[in-house]
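**Q** One structure coming up, written as structure tokens, with questions to follow.
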Amino acid sequence: MKKLDEIMELMADEMADFKVSILKLDLLSKKLNKMSIPISKAAIDENLKSFLQKQEEADELKNELFRDINIQLERASLIPNYILVLFGSILILLLSGLGYFIYSSKITEGEKFRIYRTISESKLESYQIFFSENLEIKEGYCNWLEQWHK
């Protein structure tokens, strides 16, 4: 009998737990019934349209950002403008210096030609003696005069 009382007590505890579980399930069932879950196609279409509209707005924002980035990339250059200006200025200075030195060398050669011409035309004995002693120099000088005179 003692065993039967223990079994009955255990069953009473189990029944009480079962009753508590049933009450919890009843509460959850009522909450589930109160929740509105649209099952119709119209509600799904409406939700889908609003989602797609939000996606289009996000895509438009991204496209605008990409356009701005592309514009900035098109304006960007590998070499900055001030370096190009500096390089151009240096190039102009070098070319003008080169032109000046070529011009001054032509003037110097012209002056040398005039001096040698006056020497050859002059009757100075020392130059005539020098040319008579150094025939190779005289020939080179005469060749140079002919080339310059042409």
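The values are calculated or read from the model by the stated rules, or taken from the named source; none is laboratory data. Everything numeric here is computed off the predicted structure, so don't read it as measured data. Cβ: placed from backbone, ideal geometry, glycine included. Neighbour counts: every protein chain shown. Surface areas here come from the heavy atoms of the whole protein model, side chains and all, with no ligands, DNA or RNA. Shrake-Rupley method; radii C 1.70, N 1.55, O 1.52, S 1.80 Å.
**Q** With respect to G88, is the statement that it is part of a helix (DSSP H, G or I) and either touching a helix residue (DSSP H, G or I) at 6+ places or on another chain (Cβ under 6 Å) or at pLDDT below 75 (or both) true? Walk me through how you get there before you give the answer.
**A** Working: part of a helix (DSSP H, G or I): yes; either touching a helix residue (DSSP H, G or I) at 6+ places or on another chain (Cβ under 6 Å) or at pLDDT below 75 (or both): no.
Considered against the rule, which asks whether it is part of a helix (DSSP H, G or I) and either touching a helix residue (DSSP H, G or I) at 6+ places or on another chain (Cβ under 6 Å) or at pLDDT below 75 (or both), G88 comes out as no.
**Q** So, S126, is that one at pLDDT below 80, part of a helix (DSSP H, G or I), among the small types (G, A, S) and surrounded by 10 or more Cβ atoms within 10 Å (Cβ to Cβ) or not?
**A** Numbers: at pLDDT below 80: yes; part of a helix (DSSP H, G or I): yes; among the small types (G, A, S): yes; surrounded by 10 or more Cβ atoms within 10 Å (Cβ to Cβ): no.
Judged against the criteria, S126 is not a match.
**Q** Can you name the number of the only condition in (1) exposed (fewer than 10 other Cβ atoms within 10 Å of the Cβ); (2) under 60 Å from the mean Cα position of the chain (by Cα) that K2 fails?
**A** All conditions pass for K2, except number (2).
**Q** (1) open to solvent by 100 Å² or more (accessible area, probe 1.4 Å); (2) out of contact with any helix residue (DSSP H, G or I) (no Cβ under 8 Å at 6 or more places or on another chain); (3) modelled with pLDDT under 80: which one isn't true of R117, the others all being true?
**A** The failed condition is (2).
**Q** Same structure again: It is to be established whether one or more residues within region 99-108 are surrounded by 10 or more Cβ atoms within 10 Å (Cβ to Cβ) and at pLDDT below 75.
**A** Checked region 99-108: at least one residue is surrounded by 10 or more Cβ atoms within 10 Å (Cβ to Cβ) and at pLDDT below 75.
**Q** List every residue pair whose Cβ atoms sit under 9 Å apart, with the two residues 6 or more apart in sequence or on different chains, where the first one lies in region 62-88 and is free of Cβ contacts under 8 Å to residues at least 24 places away in the same chain and of a type outside the set (S, T, N, Q) and the second, anywhere, is open to solvent by 70 Å² or more (accessible area, probe 1.4 Å) and not in a loop (DSSP other than H, G, I, E, B).
**A** I79/F87
**Q** Restricting attention to region 70-93, which residues are surrounded by 10 or more Cβ atoms within 10 Å (Cβ to Cβ) and β-branched (V, I, T)?
**A** Kept after step one, since they are surrounded by 10 or more Cβ atoms within 10 Å (Cβ to Cβ), are these residues of region 70-93: 70-71, 80, 83-93.
Matches in region 70-93: I71, I83, V85, I90, I92.
**Q** For region 12-46, which positions are open to solvent by less than 90 Å² (accessible area, probe 1.4 Å) and of a type in the set (S, T, N, Q)?
**A** Of everything in region 12-46, those that are open to solvent by less than 90 Å² (accessible area, probe 1.4 Å) and of a type in the set (S, T, N, Q) turn out to be S21, S29, S40.
**Q** Now a separate question. Pairs please, first residue from region 1-18 and touching a residue at least 12 places away in the same chain (Cβ under 8 Å), second anywhere and surrounded by 10 or more Cβ atoms within 10 Å (Cβ to Cβ), Cβ atoms under 7 Å, 6+ apart in sequence or on different chains.
**A** Note: no pairs meet the criteria.
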